[in-house]
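None of the figures in this text is laboratory data; all of them are computed from the coordinates on show. Quick caveat, the model's predicted, so the values are computed rather than measured. Note that each Cβ is placed from the backbone with ideal geometry, even for glycine, and that neighbours are counted across all protein chains shown.
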Amino acid sequence: MKSVPLRVVTRVESDQASPRGLSESDLDAIAWGFLGSEFTGLAYANWPIERRVGAYLTHHGLAHLRNNGDAHAAVLHRVLANVGKALRNGTLPSATWASARRHSQTERIAVPG
């Protein structure tokens, strides 16, 4: 069996910078809206990030973006690209993300055998 050389991808490659109809500033506004929303809190900590972003979009009347795979992926990518900045500037309290992980580990340790 002949092996195929793998190419390392260092960035997301796309022939479009953003989905049709969405500007870079639109994507940023939606992503930062999500990052400042209740969907980043502990109430949704057990939901995968894709589900949280989708719920945010639906809740804010943007279901058409949730149902468009390219648009949903672009928003998700922009959210993930800004998590670090949101933590640093206080939009996302660090306790929100860290305490959810600590809490679930504590539950696993505290469960009697």
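Numerical summary
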read-out: Ranked by how many other beta carbons lie within 10 Å on average, peptides 61-71, 41-51 from highest; value: 61-71, 41-51
read-out: Projected label distance in nm at Ala73 and Trp32, using a 7 Å step from Cα toward the beta-carbon; value: 2.6 nm
read-out: Signed unit charges on C-beta, dipole axis of segment 29-91, positive-most listed residue Leu42, Leu87, Leu62; value: Leu87
